[in-house]
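Asks: Have a look at this one before I ask anything.
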Amino acid sequence: MKRLGLIAALAMMIVGVSASSAFAQTVGPFTPTGVTQTGGLHFVGQPTVTATKTSTSAFLTCAGEVAGAGTSATAVCSANVVVTRGCVNKGGNEPRGLQQSFETTTGSQTFETRSGRGSFLVTTTAVTAAPFTCPSANMTPVLVSVLFTDITLTVTSQTGTTVATFADIDP
């Protein structure tokens, strides 16, 4: 009976470690802190941005709808990112030696419009734990923290440009 209890406890620990590494934390959606436009292109309602982070990757998703766009438009979602990477050992502990870097992430989507109106959903390229390497094969590289700053959503078409800016996001 004790052997079954030990096996069950070990299985739960393995499931817990696997689940925590795959756990995705999503925050948002957030609305813009400011919007500017030139020409007739404009947002319908408020565009949004959502941040998603796991232990190995993080990205933004910008969504919205525009009107006055002509026949097509292009949405670009971009941000600067402060990334802190580290290692987790088999015991789930983070040793010293965290590394901070500054990166950018961007994503774009060209979409057709109907009567000048269209929707978009843009995901930025993921910031990942790679290419960070750990000092031991018994450790796994992880994203310790990610801070998205200077988040901008720019939509352009034949009729103008509209830009939404968002507050910093720390998922």
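Asks: If you take just the strands (runs of 3 or more DSSP E) that sit entirely in the range 91-171, which of them hold at least 3 residues that are modelled with pLDDT under 95?
Replies: In the range 91-171, 99-112, 139-157 are the strands (runs of 3 or more DSSP E) which contain 3 or more residues that are modelled with pLDDT under 95.
Asks: I've got another one for you. Name, by its number, the condition in (1) of a type outside the set (Ser, Thr, Tyr); (2) buried (at least 17 other Cβ atoms within 10 Å of the Cβ); (3) touching a residue at least 60 places away in the same chain (Cβ under 8 Å); (4) within 18 Å of Ser108 (Cα to Cα) that does not hold for His42.
Replies: His42 satisfies all of (1) of a type outside the set (Ser, Thr, Tyr); (2) buried (at least 17 other Cβ atoms within 10 Å of the Cβ); (3) touching a residue at least 60 places away in the same chain (Cβ under 8 Å); (4) within 18 Å of Ser108 (Cα to Cα) except (2).
Asks: Pull out all pairs, ordered by first then second residue, where Cβ-Cβ is under 7 Å, the residues are six or more apart or on different chains, the first lies in the range 153-171 and is under 13 Å from Ala67 (Cβ atoms), and the second is aromatic (Phe, Trp, Tyr).
Replies: Thr162/Phe43
Asks: Please work out which one of (1) more than 19 Å from Thr156 (Cβ to Cβ); (2) crowded, with 21+ Cβ neighbours inside 10 Å is the condition Val66 fails and give its number.
Replies: In the conditions (1) more than 19 Å from Thr156 (Cβ to Cβ); (2) crowded, with 21+ Cβ neighbours inside 10 Å, Val66 misses (1) alone.
Asks: Restricting to the range 29-52, and then to whatever is assigned to a loop (DSSP other than H, G, I, E, B) and among the hydrophobic types (A, V, I, L, M, F, W, C), can you tell me which residue is nearest to Pro171 (Cα to Cα)?
Replies: Val44
Asks: Which one of these does Thr84 not meet: (1) closer than 29 Å to Gln158 by Cβ; (2) of a type outside the set (Gly, Ala, Ser); (3) in contact (Cβ under 8 Å) with a residue 40 or more places away in the chain?
Replies: For Thr84, the failing item is (1).
Asks: A follow-up question, please. Tell me whether the range 53-60 contains one or more residues that are more than 23 Å from Ser101 (Cα to Cα), at pLDDT 95 or above and either not hydroxyl-bearing (Ser, Thr, Tyr) or not in a loop (DSSP other than H, G, I, E, B) (or both).
Replies: No, every residue in the range 53-60 fails to be more than 23 Å from Ser101 (Cα to Cα), at pLDDT 95 or above and either not hydroxyl-bearing (Ser, Thr, Tyr) or not in a loop (DSSP other than H, G, I, E, B) (or both).
The values are calculated or read from the model by the stated rules, or taken from the named source; none is laboratory data. All of these numbers come straight from a predicted model, not from anything done at the bench. As a convention, Cβ positions derive from the backbone with ideal geometry for all residues, glycine included, and neighbour counts pool all protein chains shown.
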